[in-house]
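Structure, as structure tokens:
The values are calculated or read from the model by the stated rules, or taken from the named source; none is laboratory data. Since the model is a prediction, treat every value here as computed from it, not as a measurement. Methodologically, a virtual Cβ is constructed for each residue, glycine included, from the backbone with ideal geometry; neighbour enumeration extends over all protein chains shown. The area values use the complete protein model at the heavy-atom level, side chains included, leaving out ligands, DNA and RNA. Shrake-Rupley method; radii C 1.70, N 1.55, O 1.52, S 1.80 Å.
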Amino acid sequence: AWYVPCLASLETLQELCRKENLTCKSIGITNRSLKSYEVEYLCDYKVEEGKAYYLVKWKGWPESSNTWEPRKHLNCPLLIQNFLRDKNEYLSRGRGGKAMKLRNHVKTLKPAIADYVVKKAKQRIALQRWKEELNRKKNHKAMILVENTVDLEGPPLDFYYINEYKPAPGINVLNGITTGCECADCPAEKCCPKEAGFILAYNKRKKLKIQPGLPIYECNSYCRCGPDCPNRIVQKGTPYSLCIFRTNNGRGWGVKTLQKIKTNSFVMEYVGEVITSEEAERRGQFYDNQGNTYLFDLDYDSDEFTVDAARYGNVSHFVNHSCDPNLQVFNVFIDNLDLRLPRIALFSTRTIKAGEELTFDYQMKGSIDLTSDSAEGLSPSKKSIRTVCKCGAMCCRGYLN
């Protein structure tokens, strides 16, 4: 048997069941719950004969079933709080950011206000579902939050969360590992970095100690050492809780840390769809017209492959550029020793405060000095159309490319 995933949300399926008077235990619609009512969000407000009423959207019911309910019948203080906050937010925008409340004699909301409140409610629900989806799919313990206090933009429609490279047809990203180190206590003389001709990348505090441009060789699945090995850092995934948030200066989504990050700490991995450089050139022409910068050349040893994080990626998809970044790129080899296909890890270049936005330099010439040779091996795909930079750094170069 084979299955096709349903693209409809649970609430949409529940609405269809109730509309057709059908039961379905798998989505929670039974004979008992077929006529149950739960407030999903509030749509409008009015005063009649001195009593306040709210227009209610019922969870799992179509909008045609919305009803006006007196305030005293509603036991949803948080939804009422959201409604009032969204209403005041709309009013304050027309007064240059100054809050303004409705006067007591106002009997109804203007249609524009009610429309905005409904859109904010739907956005809040959509972002909550997206946050839950991201946290279901991630493979690390740290949480992912989502926040938009800037506009009505919801989750991206054509983005799919992945935890590791997604190879295009014909590309094998697992190649070359058949043995691992025999260390009982890494690092030892025969540990993985030494076998590859390099030094261990981390110090005793599990912080990076090598210079940009040098590769990181971590212990792999064939190694004798256990999960607490000090040479297993990137493979454990993001250790910090992060928040995908909407920026207020036209840079779209961004990422900020919710925890303090110390210097030279691993923060996240850059993943996406692995494609050939020829395919990257073709896609790049299309992305240029949109102003996107998701193509990242894997040119540590050659220029055969590129990572495209436009549709498939993790939190790093939303990390913005800065000419003065707090993250630096390193090439990592774990279960794949193919020099054409390194994993891309982002490490902190300095202490990053909780709440601070995370950024890296799309041209790899940020706060850590790079030689021209090492920079050439790490640079993202070149673009034919110049994209204006909005990072706001004192040393801003003016363009992303």
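The table below gives the values:
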read-out	value
Built amide H within the under 5 Å cut-off of TYR270, gap 5+	ILE344, ALA345, LEU346
Directionally averaged shadow of region 170-300, computed from the convex hull of its alpha-carbon atoms, nm²	10.8 nm²
Set of aspartates and glutamates near LYS141 by C-alpha distance (under 18 Å), chain-local residues within fewer than 8 positions excluded	GLU132, GLU133, GLU164, ASP228, GLU269
TYR45 long-range amide H proximity, modeled H, under 5 Å	LEU55, LEU109
Cut-off 9 Å between beta-carbons: net charge of the residues surrounding VAL332, Lys and Arg +1, Asp and Glu -1	-1
When the convex hull of its Cα atoms is projected in every direction, mean area for region 287-357 (nm²)	6.3 nm²
Cα→Cβ-extended label distance, 7 Å offset, between SER302 and GLU11, nm	5.1 nm
Difference of contour (0.36 nm per residue) and Cα-Cα distance, LYS107 to TYR160	14.6 nm
Counting DSSP beta bridges with both ends in region 143-360, the antiparallel % (nearest 5)	65 percent
Nearest-0.05 FRET efficiency for GLU189 and LEU78, computed from C-beta distance (R0 41 Å)	0.10
Portion, in percent, of the accessible area of the chain that falls on carbon or sulfur, probe 1.4 Å	50 percent
Amide hydrogen neighbours beyond the local backbone of TYR312, cut-off 5 Å, H modeled	TYR160, GLU273
Total lysine pairs whose alpha carbons fall under 19 Å of each other in region 143-360 (8 or more apart, or interchain)	22
Sum of -39500 (n - 2.57) over DSSP H runs of 4+, divided by residues of the chain (222 nm, nearest 500)	-6500 deg cm²/dmol
DSSP-defined antiparallel bridges as percent of all bridges, the chain, nearest 5	75 percent
Pairwise Cα inverse-distance average, inverted: Kirkwood Rh of the chain (Å)	24.4 Å
Probe 1.4 Å, accessible area per residue of the chain, Å²	55 Å²
